[in-house]
1. How far is it, in nm, from the label point at Arg175 to the one at Trp18 when both lie 7 Å from their Cα along the line to the Cβ?
2. Starting from the Cα-Cα distance between Gln268 and Tyr6, subtract it from 0.36 nm times their residue separation and give me the gain in nm to one decimal.
3. All other residues with a Cβ under 11 Å from the Cβ of Cys58 taken together, and with Lys, Arg as +1 and Asp, Glu as -1, what is their net charge?
4. Can you tell me which of 171-184, 260-273 comes out highest on packing, and rank the rest after it, using the mean Cβ neighbours within 10 Å?
5. May I ask for the angle, rounded to the nearest 10°, between helix 152-169 and the longest principal axis of the chain, with both axes built from Cα atoms and the value confined to 0 to 90°?
6. State, in angstrom, two size descriptors of the chain derived from its alpha carbons: Rg to one decimal place and Dmax to the nearest whole number.
7. Taking R0 as 35 Å, what's the FRET efficiency between Ser299 and Thr61 from their Cβ-Cβ distance, rounded to 0.05?
8. Can you tell me how region 164-281 classifies by the Cα gyration tensor, rounded, prolate or oblate, using a/c under 1.5 as the rounded cut?
Amino acid sequence: MKTRNYLLTRLKAKRNQWISGEAIGESLSISRTAVWKAIGKLREQGYDIRSSPRKGYCLVTSPDHLVPSEILSGLQTTVLGKGEIIYLPKMESTNARARELAAQGAPEGTLVVADSQTLGRGRLGRTWFSPQGTGIYASLILRPPLPPDKGPRITFVTAVAAAEAFVSTAPLNIRIKWPNDILIHDRKVAGILTEMGSDPDRIHYMVVGIGINVHQKTFPKELKKTATSLFMETKKRTSRVALLQTFLDRMEHWYGVLKREGFEPVLQRWKELADMEGRMIRVRMPDKEMAGQVEGIDSEGVLLLKDEAGQIQRILSGDVLFAQEKE
Ligand code: BTN
């Protein structure tokens, strides 16, 4: 695996140029046959690599596959995604797998990625539409030094990181909907599901799962009015690999801010990206529904809703629908 990553880094540094098999072999201290075998493996993963007996090898295109070699090549982080990356073309749920690994002691920064999910989990017991080759389905293991009641802060860190990753990819009208849906033109382009393992006074692990709609051209009937994808918004193909790398980079940044400076700067940035205050909303909770105007977000991210009787209600979790939103 290491040989393949080094080889890929060399080929990428000279994309569209020829490099001799001998030179590669020498720099990696491997035989020309070993180079040939590693090239074969890369081709199997979708890399278009030309070969010529006289000139050597030339990388023409890389696949937009969320395979570890692609994610690692060019990843700017120090910890997140830099340890183990577990990838499978199909998984039940990357969150479920990440939770198993976290419970077995996998370190902070471990990343689980799938090209499709058969039982993708959404918030509030829903499922997450996860067709093959079209989205990003990824889960990250974190071990924040926080008590369990501060766990929701990680959700806000993730929403900020995701929104910033989108904004740096394309000039998009991105908005966070409380607590952590990412919307473009009031339609959902990404969802975040954080799950936690803890004892009463300490978080053992948090699994941060993110699902991003990237290449979808259409959605099933039940999602048509509420979901969108980057392709539908930009009419362009966005690299899933580059977007995931940027997300990991922003995540490491904001997680670092949370650890060094506390929650306040994270919440400040979240508010800039969310623009919830003053909006008329309805909130669906498991046992009831409430309507009113957003009064604000408190210092722990709790939604303050002025209800129809003028009372301020503190909402800890639920599903927000904007008043003009149709179902
Ligand atoms: C939501 O309902 O908005 C949250 C959706 C989270 C979906 C992602 S996809 C990757 C990760 N694995 C899962 O099973 N769910 C999350």
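1. Once both label points are built, they end up 5.6 nm from each other.
2. Numbers: separation 262, 0.36 × 262 = 94.32 nm, distance 4.07 nm.
Contour length minus Cα-Cα distance gives 90.3 nm.
3. Details: positive: Lys14, Arg15, Arg50, Lys55; negative: Asp48.
Taking every other residue near Cys58 into account, the sum is +3.
4. Numbers: 171-184: 20.0, 260-273: 15.4.
So the order, starting with the most tightly packed, is 171-184, 260-273.
5. 60 degrees
6. When restricted to the Cα atoms of the chain, Rg and Dmax are 21.9, 81 Å.
7. On the way: r = 49 Å, r/R0 = 1.39.
About 0.10, to the nearest 0.05.
8. Details: a/c = 1.62, a/b = 1.54, b/c = 1.05.
Prolate, because a/c is 1.5 or more and a/b exceeds b/c.
The values are calculated or read from the model by the stated rules, or taken from the named source; none is laboratory data. Not measured: the values here are computed from a predicted model. Glycine also receives a Cβ, built like all others from the backbone with ideal geometry; neighbour counts cover every protein chain displayed. Each accessible area value is taken on the protein alone, full model and side chains, heavy atoms only, with ligands, DNA and RNA left out. Shrake-Rupley method; radii C 1.70, N 1.55, O 1.52, S 1.80 Å.
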